[in-house]
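A short write-up of the structure that comes next.
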Amino acid sequence: PPAARQRIIAEVVAAAEREGLLPPLALVEALSAHEGTPLSLVVPLLRASLARDEALVSEAHAEAARFATDAARFEAEATALANTPRVFQRSICSKCSAPVEPPSVHFLCGHSFHANCLADGTAAQDAEPECPTCAPQRRRVREHAAMVASRAVAHDDFYRQLDEAADGFGVVADFFSKGVLSPLGR
């Protein structure tokens with residue numbers, strides 16, 4: 001009977017959404033192959049999917065705006081550093097909080113360290129040491145930029161391989177198994 005069939009299809013759609021088994025458009029395509037299946041069964045799924053996608057796009061736009069603001073600030077700082085002298089007036093070591101005395105190291109971010117305090121960390125062995133106070137944040141920014149760049153390359157590779165493959169499902173399964181198609185936050 002049609003009512004029992006619709007109930008079963010509604011349960012399958014709900015399970016597919018809950019478990020993330022198929023993208024919404026693939027589910028619609030699969031259901032459209034069977035004549036008489038009402039589209040109203042997938043409308044809630046499509047609305048929820050569009051709302052999630054819209055939230056992700058908004059989040060991505062906000063993050064892009066933050067990065068653009070940071071980039072503009074960094075460019076202004078670089079211009080200022082290139083064209084104007086910088087006076088280092090920090091008189092307290094950022095590590096031990098004792099007064100800074102020579103020999104000392106002053107970073108462009110404004111943090112200062114006794115040479116001995118800096119030598120305690122790994123930054124002293126680097127050819128160009130970075131401020132140990134600012135390093136974790138800068139490392140996160142570099143890692144995020146690298147991840148975004150690798151995802152962009154993976155995205156292009158995915159669609160190229162998908163276009164060239166005789167078995168598109170195998171390509172999708174391969175990329176899922178590598179974690180390439182998971183959201184950025186994961």
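Just so it is clear, none of the values below were taken in a lab; they were calculated from the coordinates. Note that the coordinates shown come from a computational prediction; the quantities given were computed from them, not determined experimentally. A quick note on method: Cβ atoms are made from the backbone with ideal geometry, for glycine too, and the neighbour counts reach across all protein chains shown.
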Subject >> Value of [θ]222 nm, deg cm²/dmol, for the chain, DSSP H segments ≥ 4, -39500 (n - 2.57) each, nearest 500 >> reply: -20500 deg cm²/dmol
Original post:
Which far-off residues, 5 or more places away or on another chain, put their amide H under 5 Å from the one on L22, with H placed in the peptide plane?
Top reply: none
Original post:
Where the convex hull is taken over the Cα atoms of the range 1-81, what is its projected area averaged over directions, in nm²?
Top reply: 6.9 nm²
**OP:** Report, in degrees rounded to the nearest 10, the 0 to 90 angle that the Cα long axis of helix 2-19 makes with the longest principal axis of the chain.
**Re:** 10 degrees
Subject >> Correct choice for semi-axes √(5λ) of the Cα gyration tensor in Å that was computed from the model, options (i) 46, 19, 14; (ii) 55, 18, 16; (iii) 32, 20, 15 >> reply: (ii)
Subject >> Förster radius 22 Å - calculated FRET efficiency between E35 and R7 (Cβ-Cβ, nearest 0.05) >> reply: 0.75
